[in-house]
Amino acid sequence: MRASILKTSWRHAVVAAELVVVILVATAFTVSLLVDRQRAEQELQTREQAEMIRAELDASVQQILQAARGVATAIARDTTMDQEVFARIARSFSPEGPSDNRLRLINIGASDGYVIRYVYPLEGNTSVLGVDYRDLPGQLPNVEAAMRSDDVVMMAPVNLIQGGRGIIARIGVTEIGGDEVFGVVGVVALLEDLFSGAVEMARTAKLELAISKQEARQEGRQQMYGPANPEEGEPVMVQLVVPDGLWYLSVVPSEGWPTWTDFAGRILLGYFGIGALVFMVYLLLDRAARARRSAEEQLTTAIESIDDGFALYDPEDRLVLCNETYRRYYPRSARIIQPGVRFQDLLEYGVARGEYADAKGREPEYIRERLNARMHPERHFIHELAGGRWIKVSDHRLSDGSTVGLRVDITELVEARRAAEAGSRAKSVFLDRMSHELRTPLAVLMGSAAFLERPERLATRAALAARIEGGELTAFEGEITGHAGRIGKSARHLMALIDRLLDVARAEREAPDSGEVLLGELLEEQRTLFDAALPRGMTLDLRHAKGPLPVPYGETVRNALGAILRHGRDGFAESKAELSVAATDRHVSLAFVISGKRTEPVLTERFFGPASDDLDRAGAADLTLDLAVAERLVSRAGGTFRYRKVNESKDFVDITFPRRKDEDLVAVS
């Protein structure tokens with residue numbers, strides 16, 4: 001028991017460990033899928049937002065470029081304009097009020113040659129007027145590049161004279177119709193203002209923004225805005241083409257990309273919950289399986305302990321299980337007696353190998369009979385197997401259509417019955433022979449007694465009468481006659497007993513006849529026979545059915561009636577026998593009530609033993625030989641015999657015979 005518990009606990013521990021491994025693997029796989037999916041979705045969303053930020057920044061850059069181009073075009077038309085005209089032109093490109101959505105410019109300036117001549121607005125920018133670019137070596141290359149270029153050139157980031165970091169867009173101005181460069185137009189904006197729109201969009205979208213630039217023909221990028229190492233967070237990167245090269249916008253979520261820690265806890269907890277539920281279900285199923293296995297083992301042990309053969313067939317008549325006794329009863333078919341085999345296949349296999357002695361010479365008919373009997377499994381029958389074994393077959397159909405089969409070895413019972421029948425036949429033959437042997441001397445004795453009862457018939461009587469006086473002879477003859485009468489009476493009684501012994505032997509040896517008689521004729525016949533032999537004071541009251549009433553086993557019924565009436569004649573003095581008949585569609589019953597002064601019987605049934613269990617045990621000890629003969633005759637004909645000693649002056653006898661076919665119910669008078 002302890003070993004079984006340890007084995008079960010070890011199995012549960014192994015299953016739990018395997019389940020934990022499965023949970024961890026499933027968690028890792030699920031989290032990986034979720035992280036990859038969430039990362040892909042977030043990257044796509046971040047890229048869309050990065051494109052929107054790039055568009056916002058590009059719009060601000062284009063505003064600066066358009067302002068530079070517009071003012072340059074205006075100056076090219078009139079290089080002699082004064083500060084007021086320049087201010088009016090520059091004002092149209094530079095917003096002044098906070099309601100304007102355009103980028104706020106620090107100033108727009110124009111140089112005559114290398115010296116700044118115009119600036120707008122003047123407020124806060126007067127220090128710029130008169131500045132010579134040649135005195136600014138950091139900006140001079142950009143100014144000269146603008147003078148040589150046909151388009152805008154940009155410079156950023158730039159440390160502005162006004163303070164702060166800014167961006168400057170410059171374009172050379174060539175007077176219309178001329179070839180010489182008049183100067184350059186420069187548009188200055190703070191980087192903070194340039195990036196403000198993009199930064200606000202990134203903040204709203206909960207993104208971290210970094211902006212760097214890579215100038216043409218230069219390696220490496222210069223950081224313009226955001227963290228120093230924007231690529232560490234695996235950012236989504238978009239490019240913006242500007243006149244001085246490429247700007248790179250690096251965008252990452254403010255809270256970072258999705259990681260395992262975002263999902264692992266919840267997923268692991270969920271899977272552990274599912275795992276716990278699965279483990280509980282496993283424990284319940286395992287307990288149910290162990291209970292089922294235990295029940296199956298107990299059932300198998302119980303079935304194997306049965307001394308008889310046991311088999312269970314499913315609704316399709318396929319073998320489910322059987323015990324070894326069942327296989328042992330059918331040794332020639334044992335090889336295929338396995339779960340799943342059909343009963344018909346098993347039967348045909350056994351018949352083909354001579355398993356069934358009853359089937360020899362009539363195999364097809366035997367198979368059909370057995371299969372037909374299988375359709376009505378509640379019937380029992382006996383068959384003989386090879387080797388002389390006798391088996392009682394009992395099949396029972398269950399409610400689900402399955403069939404339970406029991407096979408009982410009744411070989412010893414059959415052999416005992418055969419031995420008993422042989423002994424009974426031997427006894428009957430012995431009684432028959434003994435009775436015939438006794439009848440011959442009894443016939444001589446009865447004949448001699450008859451002569452002695454009439455001494456005047458003797459040949460020596462006349463000579464003896466001549467020598468002896470008449471009185472003495474008469475006394476002598478009376479004494480001889482008395483002895484002879486007693487001898488004759490005893491001999492006749494003994495002859496009657498021998499006749500009844502012959503009836504007993506005949507009843508046990510011969511099969512009942514199959515003929516029928518009409519009950520009315522049979523009763524009248526019995527009345528006629530007994531009227532001639534009835535002693536003084538005995539009467540018969542035979543009440544029988546009106547109309548013809550066929551009774552089966554006519555000779556057997558005749559002999560049984562005769563034996564019962566002899567019981568009334570010889571067992572009672574001044575007796576009366578009353579007979580009534582009752583008939584149904586299935587049976588015919590004859591009821592006798594015999595009353596009178598009971599006499600002591602010479603022989604009773606106890607010398608022969610009852611042949612039927614239908615006798616009233618309280619009166620069975622008083623069953624006379626005549627009633628014993630009647631009981632055996634009725635039993636062998638398939639009827640029932642009931643005897644009851646009502647009291648010292650009355651007996652009740654009832655015999656019932658089955659009718660061979662349904663007939664109309666007959667009224668009884």
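The values are calculated or read from the model by the stated rules, or taken from the named source; none is laboratory data. This is a predicted model, so every value here is computed, not measured. Reconstructed Cβ throughout: ideal geometry from the backbone, glycine too, with neighbour counts over all protein chains shown. Calculation scope for accessible area: heavy atoms of the full protein, side chains included, ligands and nucleic acids excluded. Shrake-Rupley method; radii C 1.70, N 1.55, O 1.52, S 1.80 Å.
Some notes on this structure:
- Filter pass, VAL241 being loosely packed, with under 11 Cβ neighbours inside 10 Å and more than 53 Å from the chain's Cα centre (by Cα): yes
- Matching residues, the stretch 384-413, being modelled with pLDDT under 85 and surrounded by 14 or more Cβ atoms within 10 Å (Cβ to Cβ): ALA386
- Only listed residue being touching a residue at least 60 places away in the same chain (Cβ under 8 Å) and open to solvent by 80 Å² or more (accessible area, probe 1.4 Å), chosen from PHE272, PHE263: PHE272
- Scanning the stretch 125-144 for residues that are crowded, with 17+ Cβ neighbours inside 10 Å, closer than 15 Å to ARG170 by Cα and of a type in the set (A, V, I, L, M) gives a single hit, VAL143.
- Every pair of residues 6+ apart whose Cβ atoms lie under 7 Å, when the first sits in the stretch 285-303 and is under 27 Å from VAL15 (Cα atoms) and basic (Lys, Arg) while the second is open to solvent by less than 50 Å² (accessible area, probe 1.4 Å) and not in a helix (DSSP H, G or I): none
- Qualifying residue in the stretch 30-45 (condition: within 30 Å of LYS213 (Cβ to Cβ) and touching a strand residue (DSSP E or B) at 6+ places or on another chain (Cβ under 8 Å)): yes
- Filter result for LEU312 (farther than 29 Å from GLN66 by Cα and either open to solvent by less than 50 Å² (accessible area, probe 1.4 Å) or assigned to a loop (DSSP other than H, G, I, E, B) (or both)): yes
- Selection of first residues in the stretch 41-64 that are touching a residue at least 24 places away in the same chain (Cβ under 8 Å) and farther than 11 Å from LEU207 by Cα and of second residues that are among the hydrophobic types (A, V, I, L, M, F, W, C) and part of a helix (DSSP H, G or I), restricted to Cβ pairs under 6 Å at least 6 apart or on distinct chains, gives the following pairs, ordered by first then second residue: GLU56/ALA198; GLU56/MET201; LEU57/ALA198; SER60/LEU194.
- GLY638 out of contact with any His (no Cβ under 7 Å at 6 or more places or on another chain) and modelled with pLDDT of 80 or more: no
- Complete set of residues in the stretch 1-14 that are at pLDDT below 85, of a type in the set (A, V, I, L, M) and in a helix (DSSP H, G or I): ALA3, ILE5, LEU6
- Those strands (runs of 3 or more DSSP E) lying entirely in the stretch 359-428 with at least 3 residues in contact (Cβ under 8 Å) with a residue 24 or more places away in the chain: 380-384, 403-409
- ALA169 at pLDDT 90 or above and either open to solvent by 20 Å² or more (accessible area, probe 1.4 Å) or in contact with a strand residue (DSSP E or B) (Cβ under 7 Å, 6 or more places away or on another chain) (or both): yes
- Residues located in the stretch 71-84, provided they are free of Cβ contacts under 8 Å to residues at least 60 places away in the same chain and either aromatic (Phe, Trp, Tyr) or open to solvent by less than 40 Å² (accessible area, probe 1.4 Å) (or both): ALA74, MET81
- Condition met for ALA582 (modelled with pLDDT under 80 and part of a helix (DSSP H, G or I)): no
- Those residues of the stretch 21-36 which are surrounded by 14 or more Cβ atoms within 10 Å (Cβ to Cβ) and within 34 Å of the chain's Cα centre (by Cα), in sequence order: ILE23, ALA26
- Restricted to the stretch 274-307, and to residues there that are of a type in the set (Val, Ile, Thr) and in a helix (DSSP H, G or I), the residue that is farthest from TYR329 (Cα to Cα) is ILE274.
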